[in-house]
Amino acid sequence: MINIAIDGPSGSGKSTLAKALAKKFGFSYVDTGAMYRTIGLYILRTGTDPHDEAVVTARLPEIKMDIEFADGVQHMFLCGEDVTGLIRTSEIADYASATSKMGAVRAFLLDVQRDMAKKNNVIMDGRDIGTVILPDADVKFFMTASDEARAVRRQAELEEKGEKVTVEEVRKALSARDEQDRTRNIAPAVPAEDAIMLDNSGSFEETLDRAVKIIESRIK
């Protein structure tokens, strides 16, 4: 199986790149962030403090999560409900960021993610794919982008979902999340030693073209 890992901060465009590459090469796109967001949604719905590690850990066995792919889109199911369209809010992002720092939460999802990679050609994006989830991936990318570019992209995504926020509000939220992800004790969001850096501040088409050429040169 061929595995491609794409890491990077929120708003850098890694999901957009991963989906485009999956379509190009006919691989399965695995959005690990959606898995953490689904856990975050459950924690929110149960009224649990996302920072209370003991209670969050105790609730994990209650979570019945399923993943289905339809027309190249990953759908997340929580206790039988398709929550794909419900997990993309800034509130859920905050819950996901808080709980994803917990060892029990990461262990809860680790086997699921690695099993997917063993059975399928996958492109997986997240914060620690190349360093923790798929350390032996055939190609590892770490995406970056300017704070302004990331904030503009994320604001557009949120407004499409009906959430009214300013670019400055998004920029501050992204900065706070970056600090959380970068400094957490478990699986901090840092590039793998052998990751290829991709700056996506400008043209996405140029970023995609570079990534395609790199993959083609590595995988015959």
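The values are calculated or read from the model by the stated rules, or taken from the named source; none is laboratory data. Just so we're clear, the structure is a prediction, and the values are computed from it rather than from any experiment. Methodologically, a virtual Cβ is constructed for each residue, glycine included, from the backbone with ideal geometry; neighbour enumeration extends over all protein chains shown.
Quick check on this structure: which one of 220, 101 is crowded, with 19+ Cβ neighbours inside 10 Å, out of contact with any helix residue (DSSP H, G or I) (no Cβ under 6 Å at 6 or more places or on another chain) and part of a loop (DSSP other than H, G, I, E, B)?
Exactly one of 220, 101 is crowded, with 19+ Cβ neighbours inside 10 Å, out of contact with any helix residue (DSSP H, G or I) (no Cβ under 6 Å at 6 or more places or on another chain) and part of a loop (DSSP other than H, G, I, E, B), namely 101.
Given (1) part of a helix (DSSP H, G or I); (2) surrounded by fewer than 19 Cβ atoms within 10 Å (Cβ to Cβ), where does residue 117 come up short, assuming only one miss?
Failing condition for residue 117: (2).
Looking only at residues that are more than 12 Å from the chain's Cα centre (by Cα) and not in a helix (DSSP H, G or I) in segment 9-36, which one is surrounded by the fewest Cβ atoms within 10 Å (Cβ to Cβ)?
26
Restricting segment 57-76 to residues that are touching a residue at least 24 places away in the same chain (Cβ under 8 Å) and of a type in the set (A, V, I, L, M, F, W, C), which is farthest from residue 109 (Cα to Cα)? Step through it out loud before you land on a result.
Initial filter on segment 57-76 (touching a residue at least 24 places away in the same chain (Cβ under 8 Å)): 57, 60, 63, 65, 67, 69, 72, 74, 76.
Those still in the list that are of a type in the set (A, V, I, L, M, F, W, C) too: 60, 63, 65, 67, 69, 76.
Numbers: 60: 10, 63: 11, 65: 10, 67: 12, 69: 18, 76: 13 Å.
Result: 69.
Show the residue pairs meeting these rules: Cβ distance below 8 Å; 6+ apart or different chains; first residue within segment 202-213 and under 17 Å from residue 146 (Cα atoms) and at pLDDT below 95; second residue in a helix (DSSP H, G or I) and polar (S, T, N, Q).
Here the result reads 204/16, each pair linking segment 202-213 to a residue that is in a helix (DSSP H, G or I) and polar (S, T, N, Q).
Would you confirm, using the coordinates I've provided, whether residue 77 is at pLDDT below 95 and under 18 Å from the mean Cα position of the chain (by Cα)? If you could, list the steps in order and put the result at the bottom.
Details: at pLDDT below 95: no; under 18 Å from the mean Cα position of the chain (by Cα): yes.
No.
Please work out which residue is nearest to the chain's Cα centre (by Cα), limiting yourself to segment 129-150 and to residues that are closer than 18 Å to residue 33 by Cα and in a helix (DSSP H, G or I).
Ranking the candidates gives 129 first.
Please determine, by comparing only the residues of segment 151-181 that are of a type in the set (Lys, Arg) and part of a helix (DSSP H, G or I), which one is surrounded by the fewest Cβ atoms within 10 Å (Cβ to Cβ).
172
Identify, from the list 96, 107, the residue that is of a type in the set (A, V, I, L, M, F, W, C) and touching a residue at least 60 places away in the same chain (Cβ under 8 Å). Even if it seems obvious, please write down each step before you answer.
Details: 107 fails: touching a residue at least 60 places away in the same chain (Cβ under 8 Å).
Exactly one residue qualifies, and that residue is 96.
I'd like to check something: does segment 37-50 contain any residue that is crowded, with 23+ Cβ neighbours inside 10 Å and not in a helix (DSSP H, G or I)?
Within segment 37-50, not a single residue is crowded, with 23+ Cβ neighbours inside 10 Å and not in a helix (DSSP H, G or I).
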